[in-house]
Amino acid sequence: KAMVLLLRVGLGLIREEERILTAKTIQGLSEIKGIQLYGFTDPQSPQFDHKGGVIVFSLNGIFADKIAKELAIRRGIGIRYGCHCAHILIKHLVGVGPFLERFQHLMAILFPVIKFPGLARVSLGIGNTKEEIDELLRVLADISRNRINNNKDVEGKINDFIKARAMKVYEASPDN
């Protein structure tokens, strides 16, 4: 039944719509601070014609499972996260060397609830709309801003603490 539907709509039409949505998503993701894209990211490249509607990315400082959870909680947006059946490649991309990989394997056996680095993946298809892409981008930008703002808040609190302690030390100095 699915094939009949796809053939009725037309595979060429589906492919073109997917290409438009993929290009829009990649453009929007590339404008969000802290997002790193993997794979073909230039819609003008001849290679882009061979790209499907799958976009792999990371957001600095946030594990992929946390990104997926935030998207699901905030707007019911579903994405995949992890190593996507490409463990060697993903571990290489996120900087997990052989020693750390062995250590993670041991930790996963001892503590199965521990999360490990991976990448987030958006998969687009015939059922997606431009409005859904806009919503995804809006929420990811918000997650990025909040993460960045939270880091600035923590840095600010640490700096305030250091200044307060320094003032106490200098006020209590016998030279004053």
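Considering Lys157, Lys115, Lys130, Lys152, the condition of being exposed (fewer than 15 other Cβ atoms within 10 Å of the Cβ), modelled with pLDDT of 90 or more and not polar (S, T, N, Q) is satisfied by Lys130 alone.
Per-residue answers, yes or no, for (1) out of contact with any Leu (no Cβ under 6 Å at 6 or more places or on another chain); (2) open to solvent by less than 100 Å² (accessible area, probe 1.4 Å); (3) modelled with pLDDT of 65 or more:
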site	(1), (2), (3)
Ala68	yes, yes, yes
Leu71	yes, yes, yes
Gly95	yes, yes, yes
Gln104	yes, yes, no
Arg145	yes, no, yes
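Scanning for something touching a helix residue (DSSP H, G or I) at 6+ places or on another chain (Cβ under 7 Å) and part of a helix (DSSP H, G or I), does region 49-56 turn up at least one residue? Taking every residue of region 49-56 in turn, none turns out to be touching a helix residue (DSSP H, G or I) at 6+ places or on another chain (Cβ under 7 Å) and part of a helix (DSSP H, G or I).
Among the residues of region 73-93, the ones that are out of contact with any helix residue (DSSP H, G or I) (no Cβ under 8 Å at 6 or more places or on another chain), at pLDDT 70 or above and of a type in the set (A, V, I, L, M) come to 1 in all. Thr22 passes every criterion in (1) at pLDDT 90 or above; (2) open to solvent by less than 30 Å² (accessible area, probe 1.4 Å); (3) under 11 Å from the mean Cα position of the chain (by Cα) apart from (3). Among residues of region 116-141 that are free of Cβ contacts under 8 Å to residues at least 60 places away in the same chain, those with a beta-carbon under 7 Å from a residue that is among the polar types (S, T, N, Q) at least six positions away or on a different chain give the pairs Phe116/Gln104.
Filtered by the rule that a residue be out of contact with any strand residue (DSSP E or B) (no Cβ under 6 Å at 6 or more places or on another chain) and either at positive phi or surrounded by fewer than 16 Cβ atoms within 10 Å (Cβ to Cβ) (or both), region 49-61 gives Asp49, His50, Gly52, Asn60, Gly61.
Applying the condition of being touching a strand residue (DSSP E or B) at 6+ places or on another chain (Cβ under 7 Å) and in a helix (DSSP H, G or I) to region 28-48 and asking which residue is most open to solvent (accessible area, probe 1.4 Å) yields Ser30.
The values are calculated or read from the model by the stated rules, or taken from the named source; none is laboratory data. Only a predicted model underlies this, so the values are computations on that prediction, with no experimental measurement involved. Methodologically, a virtual Cβ is constructed for each residue, glycine included, from the backbone with ideal geometry; neighbour enumeration extends over all protein chains shown. These area figures cover heavy atoms from the full protein model, side chains too; ligands, DNA and RNA do not enter into them. Shrake-Rupley method; radii C 1.70, N 1.55, O 1.52, S 1.80 Å.
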